[in-house]
Amino acid sequence: MPPDIVAVALGVVGLMVGSFLNVCIYRIPERRSVVYPRSRCAACERALEWYENIPVVSYVVLRGRCRTCGARISLQYPIVELLTAALFVVEYYVVGVSPLLAVRIAFGCVLIVLFAIDLEHQLLPNVITLPALCAGLAASIFLPPGLRDALIGALVGGGILFLIAEVYFRVRHEEGMGMGDVKMLAMIGAFLGWKLTILTLILASVGGSLAGVLLLITQRGNLKAAIPFGTFLAAGALVASLYGEPLVAWYFNLLR
Ligand SMILES: [Zn+2]
């Protein structure tokens, strides 16, 4: 099959998976089932018909409003669907058709869900990070980065953030970083190995600092409350998983 047709097909599957990720983002923080019941309007609770549930298309056709009660439908839905479709397509072009593609796409889906939940609720649920950590280690038995690198990655990722959280707590006597971030970076380490985990941490810190400066300049509210670090970890890990290897290779070449 021509590669571009595969990409289009993957993009369509990505839209549908993105629709499911929306359900996860919406329901997991409320500790509700992600498979039952059917999707409902968040305002009037009417169960949605199948044609109101088509990714992106329904949002555009309905002009972002519920058909019966007229309540606004969150822009989050089409954004997550498009982002997931983009993930499927870009990973396909970067990784190619291989077992690693499935693992990287699943990893990316976990990151998208954590990104959105942390942004909205300042929460990184254990029901996501801990099973994903195990899945990452299991996949690494057969696939890159390999089990040894994955174990070191999980220890280094979790360890660094745990130390930072401890030091911050001793110095400031308040919690600066949650254990959710610790588990999340350990999970990232299990999928990407230790080098890309450190790169993720650097990217997330730079991104977080830039956002902090932006918020300071525009003077928008309380800094610490405004920036959930897990959101930046997710974005950093996505970039690292896609483009991290050439970046790390270039850096280690500089050192020689
Ligand atoms: Zn409604």
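The values are calculated or read from the model by the stated rules, or taken from the named source; none is laboratory data. This is a predicted model, so every value here is computed, not measured. All Cβ positions, even for glycine, are placed from backbone atoms using ideal geometry, and neighbour counts span all protein chains on display. These area figures cover heavy atoms from the full protein model, side chains too; ligands, DNA and RNA do not enter into them. Shrake-Rupley method; radii C 1.70, N 1.55, O 1.52, S 1.80 Å.
Scan the stretch 34-54 and tell me whether some residue there is surrounded by fewer than 18 Cβ atoms within 10 Å (Cβ to Cβ), within 22 Å of residue 105 (Cα to Cα) and under 16 Å from the mean Cα position of the chain (by Cα).
No; the residues of the stretch 34-54 include none that is surrounded by fewer than 18 Cβ atoms within 10 Å (Cβ to Cβ), within 22 Å of residue 105 (Cα to Cα) and under 16 Å from the mean Cα position of the chain (by Cα).
Could you check how many residues of the stretch 13-33 are under 21 Å from residue 75 (Cβ atoms) and open to solvent by 60 Å² or more (accessible area, probe 1.4 Å)?
Of the residues in that region, 4 qualify.
This table checks each residue for (1) at pLDDT below 95; (2) more than 10 Å from the ligand (Cβ to nearest atom).
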| residue | (1), (2) |
| --- | --- |
| 36 | yes, yes |
| 48 | yes, no |
| 79 | no, yes |
| 84 | no, yes |
| 93 | no, yes |
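Of 74, 58, which residue is assigned to a helix (DSSP H, G or I) and farther than 28 Å from residue 135 by Cα? Don't jump to the end; show me each part of the working.
Working: 74 fails: assigned to a helix (DSSP H, G or I).
Matching residue, one of 74, 58: 58.
Of all residues in the stretch 66-77, how many are free of Cβ contacts under 8 Å to residues at least 12 places away in the same chain and more than 12 Å from the ligand (Cβ to nearest atom)?
Number of matching residues: 1.
Give me a count of the residues in the stretch 56-91 that are within 20 Å of residue 6 (Cα to Cα) and open to solvent by less than 20 Å² (accessible area, probe 1.4 Å).
Here the count works out to 6.
Considering only the stretch 55-65, how many residues are near the ligand (Cβ under 10 Å from one of its atoms) and out of contact with any strand residue (DSSP E or B) (no Cβ under 8 Å at 6 or more places or on another chain)?
Of the residues in that region, 0 qualify.
Taking only pairs six or more apart or across chains, which ones have beta-carbon atoms under 9 Å, a first residue in the stretch 122-139 that is closer than 15 Å to residue 230 by Cα, and a second residue that is assigned to a helix (DSSP H, G or I) and of a type in the set (Asp, Glu)?
Qualifying pairs under 9 Å: 124/118; 124/181.
Return yes or no: is residue 103 of a type outside the set (Gly, Ala, Ser), open to solvent by 70 Å² or more (accessible area, probe 1.4 Å) and over 18 Å from residue 81 (Cα atoms)?
No; evaluated as a whole, the condition is false for this residue.
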